[in-house]
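> My structure is below; once you've seen it, I'll send some questions.
The values are calculated or read from the model by the stated rules, or taken from the named source; none is laboratory data. Please read these numbers as outputs of a predicted model, since none were measured by experiment. Here the Cβ positions follow ideal geometry from the backbone for every residue, glycine too, while neighbour counts run over all protein chains shown.
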Amino acid sequence: MQLEHGKIVITTSRPEVLCIPPQDTSNLSPCNHEEADTRMILHLSHAFHEGFQNILLRTADTYVVVLTIAAVSKLGMQESWVAFGTGKSFRYIPVHEIAASLGPNKCQALPMFHAYTGCDTVSAFYSKWKKSACKTWNVYEAVTMAFMTLSVGNAKFWTMNWEYWNALRFCYEPVLWPNGNRCYGRVDKGGGI
């Protein structure tokens, strides 16, 4: 396989890391990430630390876009793009611009917001689209702090600041459990919880 000068392709095959042209990938290998989405972020971080300034990821998974926005912000990358979608819905997303417009706090909180509001498996919760969830999030700053706290790998619900926990409950409980009917994860046919 011939590549343009200055271009490198790095991929994984199970735990093994493969590279064209060959180079040292010892800081990536063995790769024990089971999911491709987190492997992609590992490769993004590696490329950035190797000095690459213009990085493009290809995916049809919205969670990869969310993780990329968070990573671009955390790493302080100047430019990163995601080639997203398939067919007529294919487009290039300038994740560096999204990260800059959200700011570091919302970028850190974004993966938890994405998970809390339904991830890829649910396009809405209880008939309320994510647009409504975003509008709610923009109004209450304590919700950002709650999502940031939960986005940290060692965060636990029961140790989170009660102000943040109450902000989540206040903002989203009426949407998640209208009329006080808690459904704890039941997914209806329309894609809501």
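> Say whether the condition of being under 30 Å from PHE147 (Cα atoms), of a type in the set (D, E, K, R) and surrounded by 12 or more Cβ atoms within 10 Å (Cβ to Cβ) is met by at least one residue in the stretch 61-76.
Yes, because at least one residue in the stretch 61-76 is under 30 Å from PHE147 (Cα atoms), of a type in the set (D, E, K, R) and surrounded by 12 or more Cβ atoms within 10 Å (Cβ to Cβ).
> Counting only residues that are more than 16 Å from ARG39 (Cα to Cα), modelled with pLDDT of 90 or more and charged (D, E, K, R), how many does the stretch 49-80 have?
2
> Taking the condition under 25 Å from GLY6 (Cα atoms), β-branched (Val, Ile, Thr) and under 13 Å from the mean Cα position of the chain (by Cα), does ILE20 pass?
no
Results for (1) part of a loop (DSSP other than H, G, I, E, B); (2) over 17 Å from the mean Cα position of the chain (by Cα); (3) modelled with pLDDT under 85, shown as yes or no for each residue.
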site: VAL82; (1), (2), (3): no, no, no
site: LYS88; (1), (2), (3): no, yes, no
site: ILE93; (1), (2), (3): no, no, no
site: ALA100; (1), (2), (3): no, no, no
site: ALA115; (1), (2), (3): no, no, yes
site: CYS119; (1), (2), (3): yes, no, yes
site: GLU163; (1), (2), (3): no, yes, yes
site: ASN166; (1), (2), (3): no, yes, yes
site: GLY191; (1), (2), (3): yes, yes, yes
